[in-house]
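This report concerns only the one structure given below.
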Amino acid sequence: MSAQTKTITVTIRYFALLREETGKASETLTLEQGTLADLYKHLQERYKLSLPIGAIRAAVNNRFCSWQTDLGEGAEIVFVPPVAGG
Amino acid sequence: MSAQTKTITVTIRYFALLREETGKASETLTLEQGTLADLYKHLQERYKLSLPIGAIRAAVNNRFCSWQTDLGEGAEIVFVPPVAGG
Amino acid sequence: MAENNCTLKTTPGYFAVSEHIIDVAALRAALGSEADGAVVTFEGIVRNHNEGKPVRSLFYEACSELAQGEAEAIFQEAEARFGLTRIVCVHRVGALNVGDTAVFVGVSTAHRGESFDGCRFIIDAIKHRLPIWKKEEYLDGSSNWVNCQCREDSP
Amino acid sequence: MAENNCTLKTTPGYFAVSEHIIDVAALRAALGSEADGAVVTFEGIVRNHNEGKPVRSLFYEACSELAQGEAEAIFQEAEARFGLTRIVCVHRVGALNVGDTAVFVGVSTAHRGESFDGCRFIIDAIKHRLPIWKKEEYLDGSSNWVNCQCREDSP
């Protein structure tokens, strides 16, 4: 890994099935800069998450974003499992 | 008029515009036997009712009936002007 | 509500014509069972305008006996078509002011689609079929029995 | 209700996520203006069954901040499409029992067609778009996050 690799710190909130599978409501992680998709794949492996990326949506700083979004320092991230309100 | 002409006594209830045009909420009339249509035409002339027969419905003894219905002794009649509930 | 329920043995519905302010909360409380997932209610309110004319107040008149029979027929049709579990409907009569609830319709069912469709069916049928009449009094002092000016209405 | 209203300046709507029993009468009182002739309300109630399985209780969880923004977007769309004058919506979170109201949607408009269509549009959008999750607990002791078993859902 080169010295050039930039790291960022992000906060992630987990809800519903993701909260149960990770065992936490939120966490702050320092990781290599990348996209939302990179982050979810990382977490998927780490926590053996059952939901595929195609089943969920993601929001950064309270806005739904595409999986290709580059994460910035201090980003607040929510992964949204399939919803079932009402 | 022959002695054979049968008369009946019926009660009529008036609502809304018909109540205002007849000036009464109900009345009991003795008249020659006939159909509902005959009765309405008689009242139309007597009270100068503005609503044509095609604009209203009629009920006898709490059931909507066709204008050709023959009236029987003691019939309770309601003429129903165009409705506007709700 | 008890006094009229006995007349509706064959349907799950309650209908009344009332001279009193409609108690929406009490009527809502009569809806819903453990199997019901949806409650839809409609209230028709006296507006301050109709077809461009400013309305001051309304007077509703009903033939209660005929209205009761017609409401039961509507409820049976609605029950058959939409599987409604409960139906509650009250129509106000007498003098009403702007903002008053003139009619309440509430239904409950297992699923929401049927509740919306059933409630709408009932209010549409009530407006077209129940022997209830509305006299609008306008700000300019004039008044009008609604629908009674179209002299050549076909039945 | 006052504390959240300031977040909805651009719409006629009020939205909240609440841990408390939904006070339908209070929410109804926030609907209607002198120009409104129709009020339609929907309540989603916890049923004792879902897809054939007997339900004992439900647990709802929401991401309130995201839900608020999404509700505002839904209300703006509903206002534009159906001319709704007022919109009030509260979604319950936490543990609910059979018979509890999980969600309330109430709207008012000049005419009834728009009220029915607008209310239905809003509840459909809420169910599909708001970040709110439902865990069903069944009589047999098992439980399930609804919609999370279809593993290959497309977005």
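Each value in this text was obtained by applying a stated rule to the coordinates, not by laboratory testing. All values reported here derive from a predicted model rather than from experimental measurement. FYI the Cβ positions are ideal-geometry reconstructions off the backbone, even for glycines, and counts take in every protein chain you see.
How well do other chains shield peptide C:143-149, expressed as the mean number of their Cβ atoms within 10 Å of each residue Cβ? Other-chain Cβ atoms within 10 Å of each residue's Cβ, averaged: 6. Across segment D:95-103, computed HN-Hα scalar couplings (Karplus, 6.51 cos²θ - 1.76 cosθ + 1.60, θ = phi - 60°) run 8, 10, 9, 3, x, 6, 7, 8, 8 Hz from first to last residue, x flagging Gly and Pro.
The mean number of partner chain beta-carbon atoms within 10 angstrom of a residue's beta-carbon across peptide A:32-39 is 0. Pairs of Cα atoms under 8 Å, at least six residues apart: use those to get the relative contact order of segment C:14-146, whole percent. Taking the mean separation of contacting Cα pairs over the length of segment C:14-146, I get 38 percent. Computing FRET efficiency as 1/(1 + (r/R0)^6) for C:HIS128 and D:SER18, where r is the C-beta to C-beta distance and R0 is 35 Å, gives about 0.35. Modelled spin-label separation between B:LYS24 and C:ALA73, with each label point placed 7 Å from Cα along the Cα-to-Cβ direction: 2.8 nm. The phi torsions of segment B:52-58, fed into the Karplus equation with coefficients 6.51, -1.76 and 1.60 and a -60° offset, translate into couplings of x, 4, x, 8, 10, 10, 9 Hz, rounded to whole numbers, with Gly and Pro shown as x. Neighbouring Cβ atoms from other chains, within 10 Å of the Cβ of residues in D:45-52, number 4 on average. The calculated FRET efficiency for the pair D:GLU51 and A:GLN44, based on their C-beta separation and a Förster distance of 35 Å, comes to about 0.80. The mean sequence distance of close C-alpha pairs (under 8 Å, at least 6 residues apart), as a share of the length of chain B, puts its relative contact order at 37 percent.
Here the contact order of segment D:52-122, divided by its residue count and restricted to Cα pairs under 8 Å and six or more residues apart, works out to 36 percent.
Whole-Hz Karplus values for segment C:15-23 come out as 10, 8, 9, 9, 8, 9, 3, 6, 8 Hz, taken residue by residue from phi with 6.51 cos²θ - 1.76 cosθ + 1.60 and θ = phi - 60°; glycine and proline positions read x. Footprinting exposure proxy ranking of D:THR85, C:THR109, fewest other C-beta atoms within 10 angstrom first, gives D:THR85, C:THR109. The ranking of C:TYR138, D:TYR60 from fewest to most other beta carbons within 10 Å of each one's beta carbon is C:TYR138, D:TYR60.
As a proxy for reagent exposure, C:LYS53, D:LYS135 were ordered by neighbouring Cβ count within 10 angstrom, fewest first; the result is C:LYS53, D:LYS135. Computed from the alpha carbon positions, the gyration tensor of segment D:14-146 leads to an equivalent ellipsoid with semi-axes of 28, 15, 13 Å, biggest first.
Its convex hull of Cα atoms gives the protein assembly as shown a direction-averaged projected area, equal to a quarter of the hull surface, of 28.6 nm².
Rg/Rh for segment A:7-80 (Cα atoms only, Rh after Kirkwood) is 0.91. Across the copies of the chain, C:ARG56 has label points (7 Å from Cα along Cα→Cβ) spaced 6.4 nm apart, shortest distance listed first.
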